[in-house]
1. From the list Ser29, Ser21, Ser58, pick out the single residue that is polar (S, T, N, Q) and touching a residue at least 24 places away in the same chain (Cβ under 8 Å).
2. Restricting the search to segment 124-144, which residues are more than 24 Å from Val84 (Cα to Cα), among the charged types (D, E, K, R) and not in a loop (DSSP other than H, G, I, E, B)?
3. Looking at segment 156-193, which of its residues are charged (D, E, K, R), away from ligand 2 (no atom under 16 Å from the Cβ) and crowded, with 17+ Cβ neighbours inside 10 Å?
4. Listed residues Lys31, Lys23; which is among the basic types (Lys, Arg), assigned to a strand (DSSP E or B) and away from ligand 1 (no atom under 15 Å from the Cβ)?
5. Please pick out the residue among Lys60, Lys129, Lys75 that is of a type in the set (Lys, Arg), in contact with a helix residue (DSSP H, G or I) (Cβ under 7 Å, 6 or more places away or on another chain) and more than 22 Å from Gly175 (Cβ to Cβ).
6. Looking only at segment 42-79, filter to residues that are aliphatic (A, V, I, L, M) and either surrounded by fewer than 19 Cβ atoms within 10 Å (Cβ to Cβ) or more than 10 Å from Leu25 (Cβ to Cβ) (or both); which one of those is nearest to ligand 2 (Cβ to nearest atom)?
7. Of the residues Lys152, Lys142, only one is crowded, with 17+ Cβ neighbours inside 10 Å and either closer than 19 Å to Leu195 by Cα or of a type outside the set (S, T, N, Q) (or both); which?
8. Would you point out the residue of segment 16-39, among those that are β-branched (Val, Ile, Thr) and touching a Ser or Thr at 6+ places or on another chain (Cβ under 8 Å), that is nearest to ligand 2 (Cβ to nearest atom)?
Amino acid sequence: MSETNDDYILEVRNLCRKFGSRKILTDVSFKLKRGEILIIMGGSGCGKSTLLRHIIGSLKPDSGEIFIGGQEITKLDDRGMAKVRKRFGMLFQTGALFNSLTVGDNVALPILESSDVSSSIAELVVKLKLELVGLTGFEHLKPAEISGGMKKRVGLARALALDPELLFCDEPTAGLDPVMTSVIDTLTVDLTKKLGLSAVVVTHDMTSAFRIGTQMIMLFEGRVIAQGTPEEIRNNPDPILRQFINGDADGPIPLKLSKDDYLKRLMQVE
Ligand SMILES: Nc1ncnc2c1ncn2[C@@H]1O[C@H](COP(=O)(O)OP(=O)(O)OP(=O)(O)O)[C@@H](O)[C@H]1O
Ligand SMILES: [Mg+2]
């Protein structure tokens, strides 16, 4: 059977973005089929989070197009984008939980902000979402009272609050031990299967990437240098990709940041 555009939940076409005179994303193109988990990998500073920020509409590209469920989003105004946002959930690299709110209130926030539901219905939904991520009964704690892995799971529950079709996760396992990494990975795979979601996951963790990905792209200096199934990526001879996957110190990936990059990185605000 031939593929139709409806088979794809996300498509990025020739995306380009500069910050000042620096090219951060150059001609980035890829497609994601419904039900798949796409891994975006690449070294620190290669543009992964910037790419995600464009896909969720918080940054606008210089050129290129992004289709979510067939709808082009780069030219939408705030109202149009707010509608599209209901279709996806995002787990941010820093967790982005509000420390002054309880776990339950953090998860309830997107529900109360974007629909007319009563607080008792929201409470019920929060319970369900926390149950999905294995945190039943934790709603009254504050983020400071739970572990890093639990915070990621609360972030995941919040990302799932509005029953999205598409889930974005930026470094969901960064800073977690191997067991908690495995818990989050299993949860991501289970949830996509159970809830019929598609997901885009940014990660440096190659064990995680090959454990959960059904499609992968490798970014290098803002360009896609390889894409394919995990099997195709494993067999791809590109030297930069090989060095990244094997974690070799020697190879074509430059190690030094320019002073300019270093200062920019220091000033970067999530
Ligand atoms: N708002 C901004 N203004 C200027 N430069 C920026 C801005 N946001 C990101 N950059 C620069 O864009 C480049 C890519 O940053 P980005 O955060 O996308 O990298 P990343 O691949 O997510 O890195 P990491 O793995 O460390 O999270 C970096 O050099 C960064 O300094
Ligand atoms: Mg990042």
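Derivation of every value follows stated rules applied to the coordinates shown; laboratory data play no part. Small disclaimer: the values here were computed from a predicted structure and weren't measured. Quick reminder, even Gly has a Cβ in these numbers, built from the backbone with ideal geometry, and neighbours come from all protein chains shown.
1. Ser29
2. Listed by number, the residues that qualify are Lys127, Glu131.
3. Matches in segment 156-193: Arg158, Glu165, Asp185.
4. Sole residue among the options that is among the basic types (Lys, Arg), assigned to a strand (DSSP E or B) and away from ligand 1 (no atom under 15 Å from the Cβ): Lys31.
5. The match here is Lys129.
6. Among those that are aliphatic (A, V, I, L, M) and either surrounded by fewer than 19 Cβ atoms within 10 Å (Cβ to Cβ) or more than 10 Å from Leu25 (Cβ to Cβ) (or both), it is Leu52.
7. Lys152
8. Filtering segment 16-39 down to residues β-branched (Val, Ile, Thr) leaves 24, 26, 28, 37, 39.
Then drop every residue that is not touching a Ser or Thr at 6+ places or on another chain (Cβ under 8 Å), which leaves 24, 37, 39.
Details: Ile24: 12, Ile37: 18, Ile39: 14 Å.
Among residues in segment 16-39 that are β-branched (Val, Ile, Thr) and touching a Ser or Thr at 6+ places or on another chain (Cβ under 8 Å), the one nearest to ligand 2 (Cβ to nearest atom) is Ile24.
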